[in-house]
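A.B. asks: Could you have a look at this structure, given as structure tokens, before my questions?
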Amino acid sequence: MLNKDRSAHWRLAIAAAVAAVVPMVTLAQESGPSLTHTTVLTGLEEPWDMAFLPDGTMFFTEKCRGLSVRLASGEVQPLLGVGETEGYPLQGDDLFCEGQAGMNGVAVDPEFEQNRHVYVYSASNMTAPGTNRVMRLTVSDDLTAVSDRTDIIDDIPYKPEASDQPFGGPGAHNGGRIRFSPDGHLFVTTGDTHNPEVPQSPTMMGGKVLRVDRDGQAVADNGAPEGFDPRIFTYGHRNVQGIAFHPATGQPVVSEHGPWHSDEITALVAGGNGGWDPRPNIAGRSDCPDGYCGYEPNQMEAMDPAERAEYMPMTNLDEYPDAMKPAWNNNGLSQGTSSAAFLEGEKWGDWDGRLVVGVMGIGFGGTDPGQRIDVIDLADDGMSVGDVTPMSLPMEPGRFRAVVVGPDGDLYAAIDEGDIYRLTPQ
């Protein structure tokens with residue numbers, strides 16, 4: 001690890017390097033509304049996502065256990081288990097967890113009252129060497145069971161073997177967030193699986209944001225380039241684990257993990273390229289460990305993040321000048337941005353309409369891990385950021401895997417350590 005003087009030097013170097021692409025954002029001094037918290041659930045195993053019904057009923061996933069529902073009464077009912085997980089009325093025998101893969105995102109159909117459908121994103125070994133699937137399930141009237149599993153997407157890549165990269169085990173860079181847009185389309189975020197060919201591939205569904213209907217079919221105006229799978233809405237991504245829609249405009253915005261530098265928030269454009277391309281022997285690079293340049297150079301050694309960003313940019317505007325430019329890049333640092341949501345309602349005061357992003361915290365080479373929830377003043381078009389305010393949390397922080405606004409307008413936050421909190425502005 002570097003000493004404090006060296007770490008401070010890094011931050012100055014980062015500022016100079018990123019200013020030409022993304023304006024530096026000063027953390028605001030305002031504290032926003034004061035918050036209280038309630039522990040909604042505790043003792044979970046890596047809770048990954050939540051989705052609500054209007055009465056406060058909450059579906060939630062645990063990565064290696066499965067899908068459950070917390071009723072409005074507070075009672076918890078398991079629904080679909082991963083593999084041989086005990087205590088679930090229905091087992092997904094083909095479902096498994098490994099690394100970042102498992103049962104990840106969950107979304108409720110906008111017409112749930114009519115069709116009783118929920119959707120989950122999960123790793124499956126139904127076809128070798130394993131894939132990620134988006135499954136549609138029908139929930140019973142009493143919320144005690146699910147049935148009629150239909151795999152509407154079955155070809156999202158999964159990483160089956162370890163490779164020579166940081167966090168290089170099976171299941172890495174798995175994506176997994178699913179959300180319905182205001183106009184009723186299902187967006188699915190995927191990861192590059194440490195495969196250098198995946199992000200820019202027209203046919204592999206990793207490193208993409210997909211936009212489909214409720215049967216998994218492409219939306220007509222996705223805008224994918226000629227020769228691309230029509231389900232692709234955007235491509236050239238690294239590992240998107242957050243997507244949200246601006247409450248005033250419906251603009252889709254993603255939050256994405258950076259490679260030892262430059263976590264990003266980006267407004268999506270139909271058919272757009274995120275500019276991530278970790279292939280070797282291009283853009284002035286040479287060979288890389290196991291053919292993947294995503295953490296290069298010197299992937300296991302501490303170095304100036306700005307220097308690393310110059311060699312392996314998160315958004316390569318030199319190679320892809322028309323790529324979607326990020327509105328924010330965490331001041332050039334990589335700290336593990338995950339889920340994203342927009343706050344809504346007068347109870348949030350000046351924060352009404354602002355984007356919140358959960359930061360899980362990854363410290364490397366002198367970087368502050370930075371476990372927190374950031375409140376971001378994002379322009380209506382998603383192209384620029386005003387101030388960024390870390391929430392003053394009323395509880396101890398953790399690896400914030402999911403942030404979701406409930407029907408009561410409060411913010412619900414899940415941490416990998418096993419808790420789901422409810423944050424209420426005063």
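Computed from the coordinates by the stated procedures, all read-outs in this text should not be read as laboratory data. On a predicted model such as this, the values are computed, not experimentally measured, just so you know. A quick note on method: Cβ atoms are made from the backbone with ideal geometry, for glycine too, and the neighbour counts reach across all protein chains shown.
A.B. asks: Apply the Karplus curve 6.51 cos²θ - 1.76 cosθ + 1.60, θ = phi - 60°, to the phi angles in the range 143-158 and return the couplings in whole Hz, x for Gly and Pro.
C.D. replies: 6, 10, 7, 10, 8, 6, 4, 10, 7, 7, 9, 10, 10, 7, x, 10
A.B. asks: Using R₀ = 25 Å, calculate the FRET efficiency as 1/(1 + (r/R₀)^6) where r is the Cβ-Cβ separation of D318 and M383; round to 0.05.
C.D. replies: Between D318 and M383 the formula returns 0.80.
A.B. asks: OK, next. Which aspartates and glutamates does K63 reach when only Cα atoms under 16 Å apart count, and residues fewer than 8 places away in its own chain are ignored?
C.D. replies: Answer for K63, where 16 Å is the Cα cut-off: E45, E46, D49, E84, E86, D93, D94, E98, D416, E417, D419, listed by chain and number.
A.B. asks: With log10 I(q)/I(0) by the Debye sum over Cα atoms at q = 0.06, 0.13 Å⁻¹ as the read-out, I listed [x] -0.22, -1.12; [y] -0.25, -1.17; [z] -0.26, -1.32; which label goes with the value calculated from this structure?
C.D. replies: Only one listed value fits the structure, namely [x].
A.B. asks: Pairs of Cα atoms under 8 Å, at least six residues apart: use those to get the relative contact order of the range 250-311, whole percent.
C.D. replies: It rounds to 28 percent for the range 250-311.
A.B. asks: Count the DSSP beta bridges whose two residues both fall in the chain, then state the antiparallel fraction as a percent rounded to the nearest 5.
C.D. replies: Bridges in the chain that DSSP calls antiparallel: roughly 95 percent.
A.B. asks: For the chain, what does -39500 (n - 2.57) per DSSP helix run (n ≥ 4), summed and divided by total residues, give at 222 nm, in deg cm²/dmol to the nearest 500?
C.D. replies: Roughly -1500 deg cm²/dmol at 222 nm, from the helical runs in the chain.
A.B. asks: Sticking with this structure for a sec: Mind listing P(r) for the range 174-274? All alpha-carbon pairs, 10 Å bins, whole percents.
C.D. replies: Bins of 10 Å from zero give 17, 53, 27, 3 percent of pairs.
A.B. asks: Only four residue types carry charge here, +1 at the Cβ of Lys and Arg and -1 at the Cβ of Asp and Glu. Report the dipole size of the range 83-155 about the Cα centre in Debye, rounded to the nearest 20.
C.D. replies: For the range 83-155, the charge dipole is close to 140 debye.
A.B. asks: Calculate the dipole size of the range 375-426 relative to its Cα centre from +1 charges on Lys and Arg beta carbons and -1 charges on Asp and Glu beta carbons; express the result in debye to the nearest 20.
C.D. replies: Around 160 debye, computed over the range 375-426.
A.B. asks: Could you bin all the Cα-Cα distances of the range 293-408 into 10 Å bins starting at 0 and give me the percent of pairs in each, rounded to whole numbers?
C.D. replies: It works out to 12, 37, 34, 14, 3, in whole percents.
A.B. asks: Can you grab the distance from the C-alpha centre of the range 243-307 to the C-alpha centre of the range 68-124, Å, no decimals?
C.D. replies: 30
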